[in-house]
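See below for the structure under consideration.
The values are calculated or read from the model by the stated rules, or taken from the named source; none is laboratory data. Owing to the predicted nature of the structure, the values given are computational and were not obtained by experimental measurement. FYI the Cβ positions are ideal-geometry reconstructions off the backbone, even for glycines, and counts take in every protein chain you see.
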Amino acid sequence: MNLHQIYSPERDIYLRELKERVICGQPVADSEGYSDFVSEWQRSVEHNVDCRLPALGDEHRDFRVFENVSTFTKFKLALLDDFVIKKEDALAELDCAIFYLDNNLSTFRTAGSPQLLEELKRKGLRHGTQFTVENVGCFVANLCWNKPGESLCRVGEENYLEIFADYACFARYEEEDIRNFRGSNLIFAPKSKYTVFLKKQLIFFLDSNDMTMRVSYPFMETRHKLLWSMMYTAGDIVIVMDKDGDVVFTNRNFETEFNKRANRGLFENIRTFMPELTFALKYSEGREVLGREILLANADGMSYFYSIHFELVNIDNRASGIKCTLVRAGKKKAPAGKAAGQTLRYSFDSIIGDSDCMKKLKELGRDVAQAGSNVLITGESGTGKELFAQSIHAASKKSDGPFVPVNCAAIPSELMNSELFGYENGAFTGAQKGGYAGKFEQANNGTIFLDEIAELPLSMQGALLRILEDGVVSRLGGSRYIPLDVRIVAATNKDLWQCVQNGNFRADLYFRLNIAKIVIPPLRDRTDDIPALVEHMVSRLAAKGVCRPVSFTDETTALLCGYDWPGNVRELRNIVERCAVYAKQPLISPASIPTDVYDLLTGAGQRSEEPQPAAANGLLAGSYRDLEGQKLRELMMKYNGNKTKVANELSISRGTLYKRLEEYGLI
């Protein structure tokens, strides 16, 4: 062995034989100075770790690692970016790789030689790999936690696992008290290149990194606090997110306006923090962002339109984040439940879907919104007709006015006249004192959304036609005509022209409504949107506390994309929620979804691993209608019959809820 090449194949052969005796439980009388290694191997055997593992699998990974990375870690990689990048580049030049581990010994970042990283990946060493004693036995990555301030090294067969035997492995524990961070840095070097010079270099990297954390970071933290304080008290409404969408900063005016604050512990993604701003991520990708004015509800429950100015944050000529400055634009809208209309929850920017048909549909919707004509929206049940109706209103010139939804199928025929057109004081026994402004009056200077328009009785169709022709309404029991400026957006899941042919709908009313027509495609015709819809639904469920953060494997997503979806997006939401609620792991595979859901998606196919039966889940197996009926029953029991809360939970209007309750015999 010369002074430079300190790896010896002969030594490795001896250590391998010594290790075999330890694994077989044979006594080791003379370990010739290798007592530390022998002790580590024996403890690894006690933890039932197989030293001949050909590769680490998914069971050795922590898929939630990115949610568990502390704020300190993110700030370390940002504030010390120059130091970290140069160190990683130098390791790559040396054909080495570095793994950054969190306090659970889970890998949250890798860097260095691309060739070596690919080789390690084939052995199961990658993002999420957890280097605990239970997974890999005694290894420098977990041993260094008991020796802070020291860089540990194991070369070749000194390592317990065979998959580490080709490398010199270095690790050092690090901690930072300011943000209560604990972790370790792990370096892999090919043992064939292990020399005295390389050993000194790698130990210097680990030692200098620890020193930088202890000395430089507190200084940079002070600078950060100074800059943070200046931005926090700025006069604008400001929110800043990184290029991945994690909200890293909100200033005082933003927090006051929306009663939302960026978490200084674990960052929350914009998709759950304020989904309406998710579209801003397109700006960081260099894509054009349409609709720079969006509708948001403030801390008082009032809805305003805000114009948004985007500023790309570049660090070393790389896009690293987005600063969004919001400015109120237009007049305020009344809060939900008031006579002036319903608070909007949707706009075209909040419609999930980037398939070609949805892009064209949203573009058409924006054009129709500006035109001001009456609109007829058609589409199967569950495709999102009310979502488009709200979006059209939000993008129209009447957006400052009220939006009033009416479900024509949910109002009893004897009450239809008074509900739509109102009544005067004393018009009938039990009439509200002072009279009542009907839905059309409530929608004056705004938009009225007539859902299920095909269910409107013929006797009411003539009255509706008069409003369209004359622009006036007369209350029940009154003699005066009230002028109105109302835009009508109607929707139906039926062929309205066929209803005309069957004598169930007036032709003259049909022609007055069918000025601008929007046909929403069923979900089966836009399966490209399913992955984005699933991600959005899971994020919303996690934000509401319905389930923990989960994700679907590519195989499970393929199952979803292959299903026909007769219930469209509403059915998809039901299936996604069921899978998320009963998921035992953060990654949902086909084997982990409820049996009846799997059979529904595959046509009663079989799988190798059966999950918990659906009956044990407390939900009925069978068709989509059975599942929806069961869901309605559960929510009605959960909220003691409070229909407003049930409607909010399902993200539908009370009118639509009444119709579904009636369909399932629940009222």
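Here are some notes:
- All of Asn263, Asn314 fail the test of being in a loop (DSSP other than H, G, I, E, B), outside the structural domain of Met537 (by TED's automatic domain parsing), at pLDDT below 80 and over 28 Å from Ile392 (Cα atoms), apart from Asn263.
- Check on Ala171, among the aliphatic types (A, V, I, L, M), in a strand (DSSP E or B) and under 38 Å from the mean Cα position of the chain (by Cα): yes
- Residue match in the range 439-457 (condition: surrounded by fewer than 17 Cβ atoms within 10 Å (Cβ to Cβ), touching a residue at least 60 places away in the same chain (Cβ under 8 Å) and aliphatic (A, V, I, L, M)): no
One line per residue, one yes/no per condition, for (1) in contact with a Lys or Arg (Cβ under 7 Å, 6 or more places away or on another chain); (2) over 18 Å from Asp58 (Cβ atoms); (3) buried (at least 19 other Cβ atoms within 10 Å of the Cβ):
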{"residue": "Lys123", "(1), (2), (3)": "no, no, no"}
{"residue": "Phe139", "(1), (2), (3)": "no, yes, yes"}
{"residue": "Asn146", "(1), (2), (3)": "no, yes, no"}
{"residue": "Gly149", "(1), (2), (3)": "no, yes, no"}
{"residue": "Val155", "(1), (2), (3)": "yes, yes, yes"}
{"residue": "Phe164", "(1), (2), (3)": "no, yes, yes"}
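- For first residues located in the range 361-378 and polar (S, T, N, Q), partners that are surrounded by fewer than 18 Cβ atoms within 10 Å (Cβ to Cβ) and at pLDDT below 90 and lie 6+ apart or on another chain with Cβ distances below 9 Å form the pairs Gln370/Lys397; Asn374/Leu468.
- Of the helices (runs of 4 or more DSSP H) lying entirely inside the range 28-147, not one is found with 2 or more residues being more than 32 Å from the chain's Cα centre (by Cα), modelled with pLDDT of 95 or more and not assigned by TED's automatic domain parsing to the domain that holds Ile187.
- Scanning the range 537-571 for residues that are of a type outside the set (D, E, K, R), closer than 21 Å to Lys638 by Cα and free of Cβ contacts under 8 Å to residues at least 12 places away in the same chain returns a single hit, Gly545.
- The requirement of being in contact with a Gly (Cβ under 6 Å, 6 or more places away or on another chain) and under 28 Å from Val38 (Cβ atoms) is satisfied by Leu101.
- Only a single criterion out of (1) surrounded by fewer than 18 Cβ atoms within 10 Å (Cβ to Cβ); (2) modelled with pLDDT of 75 or more; (3) of a type in the set (A, V, I, L, M) is not satisfied by Val248, namely (1).
- Subset of the range 451-476 (residues that are touching a helix residue (DSSP H, G or I) at 6+ places or on another chain (Cβ under 9 Å) and on the phi > 0 side of the Ramachandran plot): Glu452
- Counting the residues of the range 95-109 that are buried (at least 20 other Cβ atoms within 10 Å of the Cβ) and on the phi < 0 side of the Ramachandran plot gives 10.
- Among the residues of the range 317-363, those that are within 29 Å of Ala443 (Cα to Cα), of a type outside the set (D, E, K, R), at pLDDT 85 or above and not in a strand (DSSP E or B) comprise Phe348, Ile351, Ile352, Met358, Leu361.
- Answer from Thr212, Thr272, Thr278 - the residue that is modelled with pLDDT of 85 or more and either of a type in the set (Gly, Ala, Ser) or farther than 22 Å from Ser113 by Cα (or both): Thr272
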